[in-house]
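First up is the structure itself, then whatever we jot down about it.
The values are calculated or read from the model by the stated rules, or taken from the named source; none is laboratory data. Source: prediction; values computed, not measured. Every residue, glycine among them, receives a Cβ derived from its backbone with ideal geometry; neighbour counts consider all protein chains shown. Accessible surface is based on the protein model in full, side chains and every heavy atom, while ligands, DNA and RNA are left aside. Shrake-Rupley method; radii C 1.70, N 1.55, O 1.52, S 1.80 Å.
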Amino acid sequence: MKKYDHKKIELKVQKEWEKKKIYFASSESKKPKFYSLIEFPYPSAAGLHVGHIRSNTAMDIISRKRRMEGYNVLYPIGWDAFGLPTENYAIKTGIHPTKVTKDNTDIFRKQLKALGFSFDWSREINTTDPAYYKWTQWIFLQFFKKGLAYKAEIPINWCPKDKIGLANEEVIDGKCERCGEVTEKRMKEQWMLAITKYAERLHKDLDLVDYPERVKLSQRNWIGKSEGSLISFQLIVDSKVSFNKKDTNSKLKAKNQKLEAISVFTTRADTIFGATYVVLAPEHPLVAKLLEQVKNKKDVEKYIKDAKKKSEIERTANDKIKTGIELKGIKAINPANNEEIPVWIADYVLPDYGTGAIMAVPAHDERDFEFAKKYNLPIKQVIMPYNLDTNNPPRQGKENTKREVVHIILRNPKNKTILIEFLKGEKWGNFEPKNFIIGGIEEKESLIKTAFREIKEETGYINVKFVEEISFEVQAEFYAAHKDVNRIVHVHTLVFDLINEEKVEIKEDEYFNKDSHEIKWIPYEKVIETVNIPDDKMTWKYFFEGGFAFSEKGILTNSEKFNGLSSLEAQKKITEFVGGKIVTKFKLRDWVFSRQRYWGEPIPIVNCEKCGLVPVPEKDLPLKLPKIKNYKLTETGESPLAGISKWVNTKCPKCKDKAKRETDTMPNWAGSSWYYLRYTDTKNKKEFASKKNLKYWLGSDSKHGGVDWYNGGMEHTTLHLLYSRFWHKFLYDLKLVPTIEPYMKRTSHGMILGEGGVKMSKSLGNVVNPDKIVKIYGADTLRVYEMFIGPFEEAVVWNTDSIIGARRFIEKIWRIGNKKFVTASNLELKKLLHKTIKKVSEDIETMRFNTAISAMMILTTEMEKSDKIDVEDYKKFLKILSPFAPHIAEELWQKIHSAPQGLALGSLKARPFPAESIHFSKWPKWDENLIKDDEMKIAVQVNGKIRAEIVIKNIENEEDIKKKALSDQIVSKFTAGKEIKKIIYVKNRLVSIVV
RNA sequence: GCCCGGAUGGCGGAAUUGGUAUACGCGCACGACUUAAAAUCGUGUCUCGUAAGGGAUGUGGGUUCGACUCCCACUCCGGGCACCA
């Protein structure tokens, strides 16, 4: 037999496939359809990346398997060719982007064909083709007509180097995603798409689709849905400032001096009694109005001006210190308790989230806390942590008793220690508490008086001095064994200092005596690790660190009639009480849709002085990009199109007067937002795709239809994937697509990293050239290698040295083809084959390609050893191999069909394609009976340690197996003289003996 | 800071989801074939120990007859978000 020659085989097979157009997907078929999709590549000058090959091969394997399972498969390919790199290249070289794109796609096409992907090349699309972008523009006009595409003067992220406005998503760490230049804010009139109108549906419909959880999660986070309350705070002229203090009617008059009310958004209405000030964003529209009433107008104006000047980097810097300024002479009224509280302006409040104004609750919000500390604003606790004692939880059926309790931090300031009580014995179950001095408050007794009494009773110290009450209360619930009741205690913590060591004798009783009770002085820094009840731990931390914001939910305190409610209950009740409204807000912003660049779809709108923004009539689409000589950017930030007066100056489609064209182009996310729809009907001149074809390829079940399987990168989760879901939903609303979601199933490949575990990049010089690998090892080897390299959904490191393993596997398959085949079967081998069919069939579905290949490697090793291979078995093996290594599988398949039985294949020259392609043969089924083993080895454990291995037969019952295990020589050595307590038998796995 | 991943031999990675840890591949060592080399095939390859046996899945604890797998605390690495009230 001739040596395996990948070059000859692969080229021949590929030509044959192309000639017979075997991957052509007809939209008229009785077969069930399967639409598999990869993200179409951007045809960069660098050529195909090994990462492209990874995801393309994976979906190729799935597509090929589906064809063999009888599906009519659409596996299309195209080019996402608009965008900056091509344009920048054009600027540098003067070569027209169209030409650059053509050259690059030619290279990509050749490379992809060399890898043997089963794309339907007749459906190739290109986003820069006017026949394609005609429909991108057409869809944009539909957005415009529905009022979802609009122009707005907004601060945009401006990259001074690329001279382009960027969407928030394209700014990474305040820098341009493409060139790394620090971006700045600029006010600019931009085209926007109202994706926020779809926020709720984009969020909710994730329930319908089969995406990886982490993808759903990050989309949900990006959309950022939160439910909260809108609450109005009445603003008034500060009574103290405006009126003479002697005026007895000052409060009344102040009430008459009502200003505007401000609406705040909060998710924590339960904390409103702790709202000690309100804050407006510097950009808040009300600020200008209020300025008239403000006493410190000049300072406030200066602050606002400075805030605007700050760059994005400065505003979002990690260690940014919060700044703000009070609006003097103005107060807000907290609607919960009618207290007058100050009004501030600060840039930590974002203008475009919620209402651009907040109620600040420093005790329960970290940002407000930080701000309050800096400007000495009051901090008032209204939420108590709720500590359920897990060592000693409340018991069902026991009486619940409420108690006010005081915990005392008794300090010895001389040696910086505090007193901790140690309770011993089993009074608290098997938990031994270590805590501060604790005492219940007797009726009508003050906290301080109680504390003095408890200190004396429990420690004997009499000379102590009250220092302060910690403004951090806690609620705890536990079972009090000595009283047989459940306790709900409200803990107040007081700090005392020891003046001297003078003591009286301690009275002992049953609960409280020397044997069970001990007191120790613990240094400050050891308190946290010593104390073991959560209440004291938290309170100490609060005291020692000088306070913190407790931002979790809990139980209300200092909130008048709402005291004792849980946060959740209180949110609704308080919102109602203050006349607020429950609303939903989203983090998602509208999509900035303009780019001031040349190489994109022109926005088909005409600016007419009389008629305003007028859409280009649909019959005039596509609005083609004009040919220009100079792609250089304008200093004004306008698109290069603005310089082509012949193109810009046009007539208004409505009134026929002189008008100017829109010169902005669309972002490169536009073409990719709907490309999967065009694939269903690439040549259609009347519609972006016919309803018939859409219905065939997406399905007619609106809730459960769409592309069957879409694989792509994690980096597109919040960009492309979200954008295209938005477009699709919009088109669904226009009844132009049959399903509410574009993609039924989404999977994500991991990146291929360069050697050393770093990203492949030109600058690091670790980019692997796939052409070279294909030349040396062949496409089949490269495909197998990339699938074998590691788990598909995780990042893997490229290692050129390991490719040889994949090549050896392919060569081994070739050598097996040189064996003499028989019709008699080798049962052991047959069994292994069927196990492998099962494994490969299942692993492909879960994208565990690496273990599928591993199983086939084991099978081929056994095949090569065997001198009897049933030709039908070998054919089955070739079938399961064929999605992974389609060329060699096809070649051997064709040889078998031209070989007389019993003859080594190698002696024959295969006529090309005497039989139908292997890729349309029937996917083999495994025989369950052949998979079962009638004899197997299982392990025997004694006390959890593996001691022996026994052989059992399928037919043996559990008792026999246990007996066999016990009678084993080695096992009996370990069980000798010991009592057997338990024997556990796990079917077909092991016997575990406990002695 | 928050969210999501991850950590297993010299290396890439397996482990039926709680049941014989290290499958498969790379590398390495030895052997066969060869005048020789390459290729190929075979054998071995976590670790300590002559053996019996012991120890190992980032660290420390826990649950269990039994833990890479579950729970708690932590370390390191990768990715995303970042004042979203």
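Over region A:497-601, Cα pairs under 8 Å with separation of 6+ residues give a relative contact order of 9 percent.
Over all orientations, region A:739-789 has a Cα convex hull whose mean projected area works out to 5.8 square nanometres. Region A:1-46 to region A:530-582: how many Å between their Cα centroids? If we compute the Cα centre of each part, the gap is 64 Å.
Magnitude of the charge dipole for region A:788-860, about its Cα centre and with charges confined to Cβ atoms of Lys, Arg (+1) and Asp, Glu (-1), is about 600 debye. Were the residues from A:Cys611 through A:Lys320 laid out at 0.36 nm apart, the gain over their Cα-Cα distance would be 100.0 nm. Could you point to the residue in A:Ile984, A:Ile869, A:His897 farthest towards the positive end of chain A's charge dipole, with +1 and -1 charges on the Cβ of Lys/Arg and Asp/Glu respectively? Result: A:His897, furthest along the dipole toward the positive end. Among beta bridges identified by DSSP and lying wholly in chain A, the antiparallel ones come to about 70 percent.
The value of relative contact order for region A:31-172, using C-alpha pairs under 8 Å at least six residues apart, is 24 percent.
Annotation: aspartates and glutamates with alpha-carbon distance below 19 angstrom to A:Lys297 (same-chain offsets under eight excluded): A:Asp238, A:Glu260, A:Glu283, A:Asp306, A:Glu326, A:Asp347.
Using only DSSP helix segments of four residues or longer, with each worth -39500 (n - 2.57), what per-residue ellipticity at 222 nm results for chain A after dividing by its residue count and rounding to 500? It comes out at -9500 deg cm²/dmol, rounded to the nearest 500. With the simple model of a label 7 Å out from the Cα in the direction of the Cβ, A:Glu404 to A:Ala131 spans 8.5 nm. If only the Cβ of Lys and Arg carry +1 and only the Cβ of Asp and Glu carry -1, the dipole of region A:1-79 around its Cα centre is close to 440 debye. What the Cα atoms of region A:417-526 give is an Rg and a Dmax of 14.4, 38 Å. Starting from a Cα-only point model with no solvent, please compute log10 I(q)/I(0) by Debye for chain A at q = 0.05, 0.06, 0.10 1/Å. Here log10 of I(q) over I(0) equals -0.51, -0.71, -1.21. Excluding same-chain neighbours fewer than eight residues apart, the aspartates and glutamates reachable from A:Lys978 by a Cα-Cα span under 16 Å are A:Asp968.
Roughly to the nearest percent, how much of the accessible area of region A:447-580 is carbon and sulfur, given a 1.4 Å probe? C and S fraction of accessible area: 50 percent. Our coupling estimate for region A:841-850, obtained by passing each phi through the Karplus curve with A = 6.51, B = -1.76, C = 1.60 and θ = phi - 60°, is 4, 6, 5, 4, 4, 9, 6, 9, 5, 5 Hz, Gly and Pro reported as x. Of the peptides A:222-230, A:725-733, A:451-459, the ranking by mean beta-carbon count within 10 Å, highest at the top, reads A:725-733, A:451-459, A:222-230. Under the rule a/c < 1.5 gives rounded, and otherwise a/b versus b/c splits prolate from oblate, where does region A:931-995 land using the Cα gyration tensor? Because a/c hits 1.5 or more and a/b exceeds b/c, region A:931-995 counts as prolate. Relative to the globular-protein estimate of 2.2 N^0.38 Å, the Cα radius of gyration of region A:638-719 stands at 1.61.
Over region A:38-101, all Cα pairs binned in 5 Å intervals from 0 give whole-percent P(r) values of 4, 16, 20, 16, 13, 11, 8, 6, 4, 2, 0, listed from short to long.
Using the Cβ-Cβ distance between A:Lys507 and A:Ser226 with R0 set to 60 Å, the FRET efficiency from 1/(1 + (r/R0)^6) comes to roughly 0.60. For the listed residue pairs A:Lys289/A:Lys331; A:Lys188/A:Lys581; A:Lys483/A:Lys573; A:Lys414/A:Lys526; A:Lys838/A:Lys865, the alpha carbons are over 24 angstrom apart in A:Lys188/A:Lys581; A:Lys483/A:Lys573.
Quantify how much of the Cα-Cα distance distribution of region A:764-902 extends past 24 Å, in percent. Beyond 24 Å sits 32 percent of the P(r) for region A:764-902. One decimal place: the segment A:Asn957-A:Lys424 gains 186.5 nm when fully extended, by the rule 0.36 nm per residue minus the C-alpha distance.
Can you give the FRET efficiency to the nearest 0.05 for A:Phe466 and A:Glu213, using r as the Cβ-Cβ distance and R₀ = 51 Å? So the FRET efficiency works out to roughly 0.40. Measuring nothing but how far apart in sequence close Cα pairs (under 8 Å, 6+ apart) lie, relative to its length, chain A scores a relative contact order of 13 percent. The C-alpha atoms of chain A define a longest principal axis, and helix A:130-145 lies at about 30 degrees to it. Rolling a 1.4 Å probe over the protein heavy atoms gives chain A an accessible area of 47 Å² per residue. The share of alpha-carbon pairs in region A:580-716 lying farther apart than 18 Å comes to 69%. In the assembled protein chains, A:Leu719 presents an accessible area of approximately 10 Å² (probe radius 1.4 Å). For the pair region A:928-951 and region A:473-513, the centres of their Cα atoms are 60 angstrom apart. Note on A:Tyr42: accessible area is roughly 50 Å² with a 1.4 Å probe, heavy atoms of protein only. Per-atom-type breakdown for region A:69-185 gives carbon and sulfur 51% of the accessible area (1.4 Å probe, protein chains only). Largest first, the extents of the alpha carbon coordinates of region A:457-507 on the three principal axes equal 37, 31, 8 Å. Among the listed pairs A:Lys322/A:Lys553; A:Lys627/A:Lys759; A:Lys110/A:Lys735, a Cα-Cα separation exceeding 28 Å is found for A:Lys627/A:Lys759; A:Lys110/A:Lys735. Once the cut-off is 19 Å, how many percent of the Cα-Cα pairs in region A:653-774 end up in the long-distance tail? When every Cα pair of region A:653-774 is considered, 62 percent fall beyond 19 Å. Note on region A:319-446: along the principal axes its Cα atoms extend 59, 46, 35 Å, ordered by decreasing extent.
Checked against a 22 Å cut-off, the cross-linked pairs A:Lys374/A:Lys537; A:Lys380/A:Lys587; A:Lys99/A:Lys658; A:Lys380/A:Lys585; A:Lys33/A:Lys695; A:Lys102/A:Lys145 give Cα-Cα distances beyond that limit for A:Lys374/A:Lys537; A:Lys380/A:Lys587; A:Lys99/A:Lys658; A:Lys380/A:Lys585; A:Lys102/A:Lys145.
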